[in-house]
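So the structure is just underneath, and the comments pick up after that.
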Amino acid sequence: MPHAIDKDTQICMSLAGRPGNTGTRFHNYLYEALGLNYAYKAFTTQDLRAAIGGIRALGIRGCAISMPFKEACIPLLDALDPSATAIESVNTIVNDQGWLTGYNTDFLAIAQLLDSHRISPELSFALRGSGGMARAVAFALRQAGFRRGHIIARNPASGQALARSIGFGWAAELGALRPQLLINVTPIGMAGGPEAQDLAFPEDAIAQAEVVFDVVALPAETPLIRHARALGKTLISGAEVATLQALEQFVLYTGRRPTPEQVGQAAAYSRQG
């Protein structure tokens with residue numbers, strides 16, 4: 001039976017332009033599994049300054065930040081962790097007695113996955129996308145020692161700016177590039193979207209790649225991941241990123257690290273909603 005909420009319950013939350021249930025289910029599952037007196041609720045807002053002020057004033061312990069608030073919230077915080085400073089983007093706020101610190105657990109999760117999958121920094125890569133998550137991936141690649149790569153983005157302003165900021169190349173399309181590591185950080189392949197059935201890269205580019213990384217988390221098996229799996233490629237999925245970044249948020253909020261089994265159960269439960 002879920003624990004009863006009382007005056008001592010610690011509240012955590014999320015702010016997103018389009019709130020979903022995945023994070024809510026993940027965190028609340030682990031609160032119950034570990035017997036913690038916490039509760040988690042998703043919100044959206046039209047007044048970000050007031051919402052961040054409410055986190056501070058009401059003692060909200062933590063807040064996950066999604067688009068379109070990841071950069072806009074920075075001036076409203078008291079400090080940034082190096083994970084957020086590196087990419088000038090926040091996806092997590094931790095409230096320590098009114099002092100708000102911004103973190104980026106997307107960056108932390110991606111860095112962990114590159115390491116745990118033993119992806120060699122000697123590989124050439126193409127990263128498709130230039131938004132906030134693409135920035136997290138790009139900076140994690142640079143931190144891991146990758147040097148031979150291109151940002152693939154149709155928007156020349158954001159694509160070139162990201163490429164210049166970290167010393168990679170830029171191209172509007174993949175064209176003749178056939179890198180060893182392909183990374184999709186766009187909505188292509190996302191469930192419910194207009195390109196849900198599409199591949200983020202041409203089939204011959206996937207065939208020539210060694211590693212395929214799709215940051216799209218829903219579905220867990222995107223068309224890109226499914227196609228690359230059939231070819232026997234090394235894979236990193238968006239579901240892995242989503243789980244790891246949420247886990248790091250959970251640890252920041254509670255100071256507790258669940259077992260791998262508990263994390264796996266929470267992730268499976270979160271995807272059911």
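Anything in the stretch 216-237 that is surrounded by 23 or more Cβ atoms within 10 Å (Cβ to Cβ) and at pLDDT below 95? List them, or say none.
Selection gives VAL216 alone.
Identify the single condition in (1) of a type in the set (Asp, Glu); (2) at pLDDT 95 or above; (3) exposed (fewer than 13 other Cβ atoms within 10 Å of the Cβ) that GLU32 does not satisfy, given that it satisfies every other one.
Only one criterion in (1) of a type in the set (Asp, Glu); (2) at pLDDT 95 or above; (3) exposed (fewer than 13 other Cβ atoms within 10 Å of the Cβ) is unmet by GLU32, namely (3).
In the stretch 248-263, how many residues are surrounded by fewer than 19 Cβ atoms within 10 Å (Cβ to Cβ) and within 16 Å of GLN112 (Cα to Cα)?
3
Of the residues ARG25, ARG18, only one is among the charged types (D, E, K, R) and surrounded by fewer than 18 Cβ atoms within 10 Å (Cβ to Cβ); which?
The conditions single out ARG18.
For the subset of the stretch 1-40 comprising residues that are touching a strand residue (DSSP E or B) at 6+ places or on another chain (Cβ under 8 Å) and among the aromatic types (Phe, Trp, Tyr), which member is nearest to LEU247 (Cα to Cα)?
TYR31
Tell me, which helices (runs of 4 or more DSSP H) lie completely within the stretch 217-273 with 2 or more residues that are basic (Lys, Arg)?
Here the list reads 223-230.
Yes/no matrix, rows are residues, columns are (1) touching a residue at least 40 places away in the same chain (Cβ under 8 Å); (2) open to solvent by 40 Å² or more (accessible area, probe 1.4 Å); (3) acidic (Asp, Glu):
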| site | (1), (2), (3) |
| --- | --- |
| GLN160 | no, yes, no |
| ASN184 | yes, no, no |
| GLY193 | no, no, no |
| ASP214 | no, no, yes |
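Of everything in the stretch 46-56 that's in contact (Cβ under 8 Å) with a residue 24 or more places away in the chain and open to solvent by 30 Å² or more (accessible area, probe 1.4 Å), which residue is farthest from ASP8 (Cα to Cα)?
Ranking the candidates gives ARG49 first.
For SER116, all conditions in the list (1) more than 27 Å from GLN249 (Cα to Cα); (2) surrounded by fewer than 23 Cβ atoms within 10 Å (Cβ to Cβ); (3) at pLDDT 95 or above; (4) of a type in the set (Gly, Ala, Ser) hold save one; what is the number of the exception?
(1)
The values are calculated or read from the model by the stated rules, or taken from the named source; none is laboratory data. This is a predicted model, so every value here is computed, not measured. Don't worry about glycine lacking a Cβ; one is built from the backbone with ideal geometry, like all the others, and counts go over all protein chains shown. Ligands, DNA and RNA are excluded from the accessible area calculation, which covers all protein heavy atoms including side chains. Shrake-Rupley method; radii C 1.70, N 1.55, O 1.52, S 1.80 Å.
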